[in-house]
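Participant: Provided herewith is a single structure, encoded as structure tokens, for subsequent inquiry.
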Amino acid sequence: MTLAVRVRRALGTHWYAWTMVAPVVLVIGVIIGYPLVRGLFLSLTDANEANVERNIGVNHLPATYKFTGLDNYKAVLGDGVFWDRLGWTVVWTVGCVSLTFLIGLALANMLNRTLRGRTVYRLALILPWAIPAFISVFTWRMLYNEKNGILNKLLAGGGIDAAPWLNDPTWAKLSVIAVNVWLGVPFMLVALLGGLQSIPGELYEAAEMDGAGPWQRFRNITVPGLRAVSSTVILLSTIWTFNMFPVIFLLTRGGPGDATEILVTYAYRLSFIDSPRNFSESAAWGVLILLLLSVVAVVYRRALRKQGEVW
């Protein structure tokens, strides 16, 4: 059976489903597909703000950039800046995802039990997720203010010197991780709580009757029961954190110096902040980020398949 026959048969059999999906595919193609192709094209040129097509008053200047092949990728991969940013991005991602998952798992286990005010606690813990990210980040920036921030006033009240939350490289890294964990815990909590509630209670009752302690029940029932949910949320959280532009840019703008600059904020800097703006190199950074995340997703999927997980 040829490919054309298979496609025709699939369209004929599932025409209603394809009709329903078509608008979504079209919108995604316009919103994501075009910028992706455009970025890939620019990464193979020497485009910058001096040679792209632009209008100055009533004068129209045509594009004069040239095709340069893989020169941008060679320049980026041969520059220590990329590897420095990549190293911190990996540390940032692993740290945030690990803490978010552990805290979310602990809170989900607590809220899965019968206790008074459980609904209130759930709403309170989900609140950071309901607030727009930029508002949360600006609020934390005020809290971190070295002179007038609430955190340093609390430290001063206890006789402790003020901490340079955003003005010292080490403190700044810890600060941005803390904010991102605070923003990410609600999602992890909701996902893991749903996974916990899908585990049959009879399993815990049977294990308890057999003399299994809390740790044994957690290790032999809870962890296997959450494996499918955990694998999905960890991958999603990794992708989101790797590309978490708002927290870094709005809180520290990559500073102090370039201590908290991750790959996506540096790509943004090349294209919109530094002068002259280098669109081609910024696009190359973007393509490399996409490739890195694709490799991570493929490796993670294969690892899950080896463990018997279907994903």
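Participant: So if each residue of separation counts as 0.36 nm, and I subtract the Cα-Cα distance between GLU146 and LEU292, what length gain in nm does that give?
Facilitator: Details: separation 146, 0.36 × 146 = 52.56 nm, distance 3.63 nm.
Residue separation times 0.36 nm, minus the Cα-Cα distance, leaves 48.9 nm.
Participant: How big is the gap, in Å, between the Cα center of the range 238-265 and the Cα center of the range 36-90?
Facilitator: Measuring centre to centre over Cα atoms gives 21 Å.
Participant: Further question on the same structure: Over all directions, what mean area does the Cα convex hull of the range 71-216 project, stated in square nanometres?
Facilitator: Numbers: hull surface 57.4 nm².
Averaged projected area of the range 71-216's Cα convex hull equals 14.4 nm².
Participant: Hey, which aspartates and glutamates would be in cross-link range of LYS147, C-alpha to C-alpha under 17 Å, not counting anything within fewer than 8 residues on its own chain?
Facilitator: Straight-distance partners of LYS147: ASP161, ASP168.
Participant: To the nearest 0.05, what FRET efficiency results for ILE273 and LYS74 with a Förster distance of 25 Å applied to their C-beta separation? Don't skip to the end; give the middle numbers.
Facilitator: On the way: r = 24 Å, r/R0 = 0.95.
The formula returns an efficiency of 0.60 here.
Participant: Oh, and also: What accessible surface, in Å², does a 1.4 Å probe find on THR119, ignoring ligands, DNA and RNA and rounding to the nearest 10?
Facilitator: 100 Å²
Participant: Still on this structure, I have one more. What is the local net charge at TRP165, summed over the other residues whose Cβ is closer than 15 Å to its Cβ (Lys, Arg +1; Asp, Glu -1)? Could the numbers behind the result be given before it?
Facilitator: Numbers: positive: ARG141, LYS147, LYS153, LYS173, ARG253; negative: GLU146, ASP161, ASP168.
In short, +2.
Participant: Apply the Karplus curve 6.51 cos²θ - 1.76 cosθ + 1.60, θ = phi - 60°, to the phi angles in the range 202-210 and return the couplings in whole Hz, x for Gly and Pro.
Facilitator: 4, 5, 5, 5, 5, 5, 5, 5, 7
Participant: May I pose another question? For the range 173-311, how big is the tail of P(r) above 19 Å, as a whole percent of Cα pairs?
Facilitator: Details: 6254 of 9591 pairs.
In whole percent, the share of Cα-Cα pairs in the range 173-311 beyond 19 Å is 65.
Participant: Taking the alpha-carbon distance from LYS74 and a cut-off under 18 Å, which aspartates and glutamates remain once sequence neighbours fewer than 8 residues away in the same chain are dropped?
Facilitator: ASP46, ASP84, GLU281
Participant: Would you kindly derive the ³J(HN,Hα) couplings of the range 149-158 from the backbone phi angles with the Karplus curve 6.51 cos²θ - 1.76 cosθ + 1.60 (θ = phi - 60°), listing them in order in whole Hz, with x for Gly and Pro?
Facilitator: With coefficients 6.51, -1.76 and 1.60, one gets x, 5, 4, 6, 5, 5, 5, 5, x, x Hz.
Participant: So between SER98 and THR139, what do we pick up on full extension, going 0.36 nm a residue minus the alpha carbon distance?
Facilitator: Values: separation 41, 0.36 × 41 = 14.76 nm, distance 2.39 nm.
Residue separation times 0.36 nm, minus the Cα-Cα distance, leaves 12.4 nm.
Participant: Still on this structure, please answer the following. What distance in nm lies between label points placed 7 Å from Cα along the C-beta direction at ILE199 and THR64?
Facilitator: Between ILE199 and THR64, the simple spin-label model gives 6.7 nm.
Participant: Further, regarding this structure: Provide the packing ranking of 263-271, 20-28, 291-299, i.e. peptides ordered by the mean count of other C-beta atoms within 10 Å per residue, highest first. Don't jump to the answer; show the numbers that get you there.
Facilitator: Working: 263-271: 21.2, 20-28: 10.2, 291-299: 12.1.
Packing order, densest peptide first, comes out as 263-271, 291-299, 20-28.
Participant: Can you run phi through the Karplus equation (6.51, -1.76, 1.60; θ = phi - 60°) for the range 246-262 and list ³J(HN,Hα) in whole Hz, with x for Gly and Pro?
Facilitator: Coupling constants for the range 246-262: x, 4, 5, 5, 6, 8, 10, 6, x, x, x, x, 10, 4, 10, 6, 9 Hz.
Participant: Here's another thing I want to ask about it. Spin-label point model (7 Å from Cα, Cβ direction): what's the ASN220 to ALA207 distance in nm?
Facilitator: So the two model labels end up 0.8 nm from each other.
Participant: Counting only heavy atoms of the protein chains, get the accessible area per residue of the chain (1.4 Å probe) and round it to a whole Å² value. Can you show the working numbers first?
Facilitator: Values: 18910 Å² over 311 residues.
Using a 1.4 Å probe on heavy atoms only, each residue of the chain averages 61 Å².
Participant: When the accessible area of the chain is split by element with a 1.4 Å probe, what percent falls to carbon and sulfur?
Facilitator: Details: 12600 of 18910 Å².
That fraction is 67 percent.
Participant: Let me ask something additional. Given N residues in the chain, what is Rg(Cα) / (2.2 N^0.38 Å)? Can you show the working numbers first?
Facilitator: Working: Rg = 24.6 Å, N = 311, 2.2 N^0.38 = 19.5 Å.
Cα-based Rg divided by the globular estimate yields 1.26.
Participant: What nm distance separates the two modelled labels at ASN167 and ARG113, each placed 7 Å from Cα along Cα→Cβ?
Facilitator: 4.4 nm
Participant: Residues with amide H under 5 Å of ASP46's amide H, sequence separation 5 or more or different chain, H placed in the peptide plane at 1.01 Å from N; which?
Facilitator: Amide H neighbours of ASP46: LYS66, THR68.
Participant: With r defined as the distance between the Cβ atoms of ALA22 and LEU174 and R0 fixed at 35 Å, what FRET efficiency is calculated, to the nearest 0.05? Could the numbers behind the result be given before it?
Facilitator: Details: r = 47 Å, r/R0 = 1.36.
It comes to 0.15.
The values are calculated or read from the model by the stated rules, or taken from the named source; none is laboratory data. Given the structure is predicted, the values throughout are model-derived calculations rather than measurements. Quick reminder, even Gly has a Cβ in these numbers, built from the backbone with ideal geometry, and neighbours come from all protein chains shown. Ligands, DNA and RNA are excluded from the accessible area calculation, which covers all protein heavy atoms including side chains. Shrake-Rupley method; radii C 1.70, N 1.55, O 1.52, S 1.80 Å.
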